1. Compute the Cα gyration tensor for the chain, then decide on rounded, prolate or oblate, letting a ≥ b ≥ c be the square roots of its eigenvalues: rounded whenever a/c is under 1.5, prolate when a/b is larger than b/c in the other cases, and oblate in all that remain.
2. Among the aspartates and glutamates, which fall within straight-line cross-link reach of K229, defined as a Cα-Cα distance under 17 Å, with same-chain neighbours fewer than 8 residues apart omitted?
3. Shape call for the stretch 160-306 from the C-alpha gyration tensor, a ≥ b ≥ c root eigenvalues: rounded (a/c under 1.5), prolate (a/b greater than b/c) or oblate?
4. Kindly write out, for the stretch 293-300 in residue order, the coupling ³J(HN,Hα) from the Karplus curve 6.51 cos²θ - 1.76 cosθ + 1.60 (θ = phi - 60°), rounded to whole Hz, with x marking Gly and Pro.
5. Quick check for you: which residues of the stretch 34-54 have the amide N under 20 Å from the point 7 Å beyond the Cα of A82 toward its beta carbon?
6. Quick one: of the DSSP bridges fully inside the stretch 171-306, what percent are antiparallel, nearest 5?
7. Arrange the peptides 201-209, 88-96, 11-19 so that the one whose residues have, on average, the most other Cβ atoms within 10 Å appears first.
8. For the chain, with a Gaussian network of springs between Cα atoms less than 10 Å apart, report the residue from E65, E110, E128 with the top mean-square fluctuation.
Amino acid sequence: MSERPDLSVTLAGIRMKNPVTVASGTFGYGKEYAHLVDPRLLGAITVKGIRLLPWSGNPLPRHVEVPGGMVNAIGLQGPGVAGFIQDYLPFLRTTGVPVIVNIWGTTIEEYAEVAARLSDVEGISALELNISCPNVKEGGASFGADPRTAAELVAAVRPRTRLPIIPKLAPNVPRIQLFAKAVAEVGADALSLINTLPAMVIDIETRRPVLANKVGGLSGPAIHPVAVKLVWEASQAVRIPIIAMGGITGPEQAIEFLIAGAKAVAVGTATFIDPGTTLRVIQGIEQYLVRHHMKSVGDLSGSLVV
Ligand SMILES: Cc1cc2nc3c(=O)[nH]c(=O)nc-3n(C[C@H](O)[C@H](O)[C@H](O)COP(=O)(O)O)c2cc1C
């Protein structure tokens with residue numbers, strides 16, 4: 001029997017036992033899903049976005065199923081920094097798995113302040129900066145729509161925390177390379193992509209938007225090929241590692257992301273349909289490596305043949 005392939009990756013200084021995490025907002029803060037999937041088996045746990053103070057998100061209805069995925073406008077509901085540290089972090093610490101905290105704000109100073117407050121808290125491995133949420137009026141996507149603003153935000157956060165910072169980029173930009181380079185130059189340690197694609201669903205009987213917020217973000221299988229292209233393009237532009245997400249439903253899409261140049265992947269919407277998706281993805285990557293006689297998952301990253 002040959003040895004099992006090495007699934008571990010080190011990304012922005014974070015050692016992950018396998019390259020699979022969960023996409024922010026689709027796994028709560030870990031403990032909500034712990035009865036469905038053992039979080040200790042994940043490579044990292046990425047939690048739902050938090051800002052400085054508690055935030056109630058958008059009015060209902062705030063998600064709707066569509067062919068190929070879902071459109072959501074949750075609006076970044078969350079417990080705030082203090083609530084997260086008090087109510088959720090203690091459980092996350094017990095898992096022994098690296099925790100990536102997704103953060104946002106309505107001003108650049110708020111991002112920097114959230115980063116500073118989380119910087120010396122035990123049990124956090126990295127900060128993912130959500131500069132690409134289409135569902136909040138202020139903040140979120142407005143910082144990710146221009147490479148200069150994205151770089152300004154990352155540059156402001158950089159000196160306020162010792163943790164690795166991972167900007168999460170928006171998919172709906174003309175050239176992702178400009179964003180990837182702009183944030184890498186000012187100290188981003190890794191990139192996450194993609195966030196949801198701005199979208200809208202109309203009830204044709206009432207002729208009203210289905211979501212109370214009118215517009216939302218499309219996620220799920222429909223966005224996967226879009227994400228693969230963007231991950232490939234970003235990986236060509238920068239040397240920092242990429243966590244890829246968008247429409248993973250099984251090992252095949254995760255492997256595609258790795259081949260395109262990602263170092264790790266995150267499972268999002270699929271968890272709502274099958275909470276076991278992450279574990280299937282981890283197993284499937286391992287089986288693929290065995291089948292292709294690869295010793296480690298690192299051999300797969302960026303192995304696209306062109
Ligand atoms: C219900 C829901 C909530 C989300 N909340 C967040 C969030 O708080 N912060 C963030 O950066 N992304 C958030 N996202 C985006 C996901 O992390 C991910 O980037 C996107 O859904 C694409 O992956 P998927 O197609 O596998 O779901 C959310 C997505 C969904 C569906």
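Each reported figure results from applying straightforward, stated rules to the coordinates on display, with no laboratory input. Just so you know, these numbers come straight off a predicted model, no measurement behind them. Counting neighbours? That spans all protein chains shown, and the Cβs are built from the backbone with ideal geometry, glycine included.
1. In terms of gyration-tensor shape, rounded.
2. E252, E256
3. Oblate, since a/c reaches 1.5 and b/c is not below a/b.
4. Running phi through 6.51 cos²θ - 1.76 cosθ + 1.60 with θ = phi - 60° gives 6, 9, 7, 8, 5, x, 5, 7 Hz.
5. It comes to 49-54, nothing else.
6. Beta bridges within the stretch 171-306, antiparallel portion: roughly 50 percent.
7. Final packing ranking: 11-19, 88-96, 201-209.
8. The residue that fluctuates most here is E65.
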